Amino acid sequence: MAMIDEPLYPIAILIDELKNEDIQLRLNSIRRLSTIARALGEERTRKELIPFLSENNDDDDEVLLAMAEELGVFIPYVGGVEYAHVLLPPLETLCTVEETCVRDKAVESLCRIGAQMKESDLVDWFIPLVKRLAAGEWFTARVSSCGLFHIAYPSAPEMLKTELRTIYSQLCQDDMPMVRRSAASNLGKFAATVEPNHLKTDIMTIFEDLTQDDQDSVRLLAVEGCAALGKLLEPQDCVAHILPVIVNFSQDKSWRVRYMVANQLYELCEAVGPEPTRADLVPAYVRLLRDNEAEVRIAAAGKVTKFCRILNPQLAVQSILPCVKELSSDSSQHVRSALASVIMGMAPVLGKEATIEQLLPIFLSLLKDEFPDVRLNIISKLDQVNQVIGIDLLSQSLLPAIVELAEDRHWRVRLAIIEYIPLLASQLGVGFFDDKLGALCMQWLEDKVYSIRDAAANNLKRLAEEFGPDWAMQHIIPQVLDMINNPHYLYRMTILHAVSLLAPVMGSEITCSKLLPVVINASKDRVPNIKFNVAKVLQSLIPIVDNSQVVEQTIRPCLVELSEDPDVDVRFFATQALQASDQVMMSS
């Protein structure tokens, strides 16, 4: 070992491991490239390591992906920015491999390196690389080249810029759909670097070709280009060039293209401005909301609130609301679910009157939907409506539906209602809450599903915090303590859990007089699970009681008795609680 020249040793290991049959060793070696480069020094990294990597023809995609990633951050190891061009050859090779994720990572690394290179180096090294890839025999090279133009273009001299625009135009008309797809998806980035006068001529010509491509996979990527180009053009050019394309796309024969339009429509509206949106895009949007393909309706329904914000309330009521009514009874549950997740946001946009007249009936029909996700999406956004129509109307119209959902057969719906109760309580006030919802909160403590019982106990704590200990003493504590005698031990456990949550809110006095006796009594239960939960609860009550006499005379004797229980778990938790009580007593 000592005979080997020390600086040569790391590269010897690397070469051995890179040729090893075990893929994990090859991967580890690639991931240690930076360490090896540091050991070799900048010059030897440039002259030995990088050429070796350029010739490395590993056939495993995972190794190639790791290499593409490592090379992207390799500039410091080759001697800084002036030598960055050394890293281009191995990445150029990786741009031509078959595996997409390797090519994407290589392009990402090239962009990162190109962004740091000096202008003269970009002209001498980077732009020729882009041209070589764009003229590659294999489509993989041409696909990769499309993602590099936005880095190469800004520093190119005028003659080269014209050439680059021409090459990009040719890539947009390539025989292979994969190349045209890549050109379409990178058009926005490239266009952002092109001068305004060429943007209107060359780039718009390229864009128009892509929008008329016979492959829907190319056209749907051109939809994304609409939003990107729209932000670069002047508003009047945008209306002249982009708007007709969007309107055509919204009637495209391929549902995937229409789906993309529905998804991007809000961004497209921002690009063209409010007036053209009202005149041309509202009819296009209405068509998408009534599309015969459910996926398109889902995408369009999910944007309904955002879209209404751009319009004035009157236009929203006239044009969009009739479609919303239709969608609320759509044959696809996923469309109704998408609508339910955003429809509540329409209330502030439309104002009080339109919400009461038009939206409330839709809310009610969605609250009674047979599909639980639809009901859930409505429940979780009720507060947005409350801000608009006020609590009286909300309670009259929606509360009966909420009470019905509190007994829904799907436990997740019941859970959503429970989580909404404290918010509803704070909005309704004490009197209303006691009348309508108080009994429900107790009923959930005896639900068949554990998650509901657990949430119900937390709910009681939040209500006690909201309305105060005096209210809780009157309306919660007596009912909760009555339930400790339930014949089923799981429900008795829920009550113990509720007691441990309520005690910190109720304070020391009520805990000692009302809650502690019930817990002590439960220690005589015949079920071990109850007994060790008693030990846990007593441990949590010691700091709340804050009275050494009560701890010594009541809590400790009970824990000592439990620590001698026949059941091993009961003994364990009781001993743990005793130790905790000793620490509390010592610190106090």
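Before moving on, here are some points about what is shown:
- Residue check for LEU243: within 18 Å of THR201 (Cα to Cα) and open to solvent by less than 60 Å² (accessible area, probe 1.4 Å): yes
- Looking only at residues of segment 498-507 that are over 15 Å from PRO517 (Cα atoms) and at pLDDT 85 or above, we find that the one that is surrounded by the fewest Cβ atoms within 10 Å (Cβ to Cβ) is PRO504.
- Residue satisfying all of: in segment 293-310; basic (Lys, Arg) and in a helix (DSSP H, G or I); nearest to SER341 (Cα to Cα) among these: LYS306
- All conditions but one from (1) at pLDDT 75 or above; (2) in a helix (DSSP H, G or I); (3) among the β-branched types (Val, Ile, Thr) apply to VAL194; the one that does not is (2).
- Sole exception among (1) at pLDDT 75 or above; (2) open to solvent by 40 Å² or more (accessible area, probe 1.4 Å); (3) over 16 Å from PRO90 (Cβ atoms) for TYR9, by number: (1)
- Restricting VAL123, VAL73 to residues that are open to solvent by 50 Å² or more (accessible area, probe 1.4 Å), over 22 Å from GLY188 (Cα atoms) and not polar (S, T, N, Q) narrows the list to VAL73.
- Sole residue being over 19 Å from SER332 (Cα atoms), surrounded by fewer than 23 Cβ atoms within 10 Å (Cβ to Cβ) and free of Cβ contacts under 8 Å to residues at least 12 places away in the same chain, chosen from GLN236, GLN251: GLN236
- Only one entry of SER155, SER182 meets the criterion of being in a loop (DSSP other than H, G, I, E, B), touching a residue at least 24 places away in the same chain (Cβ under 8 Å) and surrounded by 19 or more Cβ atoms within 10 Å (Cβ to Cβ), and that entry is SER155.
- Flag if GLU43 is surrounded by fewer than 21 Cβ atoms within 10 Å (Cβ to Cβ), part of a helix (DSSP H, G or I), touching a Gly at 6+ places or on another chain (Cβ under 8 Å) and modelled with pLDDT of 80 or more: yes
- Segment 131-148, subset hydrophobic (A, V, I, L, M, F, W, C) and under 31 Å from the mean Cα position of the chain (by Cα), residue modelled with the lowest pLDDT: LEU148
- Any hit, segment 555-571, residues being over 40 Å from the mean Cα position of the chain (by Cα), open to solvent by 40 Å² or more (accessible area, probe 1.4 Å) and closer than 23 Å to LEU460 by Cβ: no
The values are calculated or read from the model by the stated rules, or taken from the named source; none is laboratory data. Worth saying up front: this structure is predicted, and the values here are computed from it rather than measured. Neighbour counts run over all protein chains shown; Cβ positions are idealised from the backbone, glycine included. Calculation scope for accessible area: heavy atoms of the full protein, side chains included, ligands and nucleic acids excluded. Shrake-Rupley method; radii C 1.70, N 1.55, O 1.52, S 1.80 Å.
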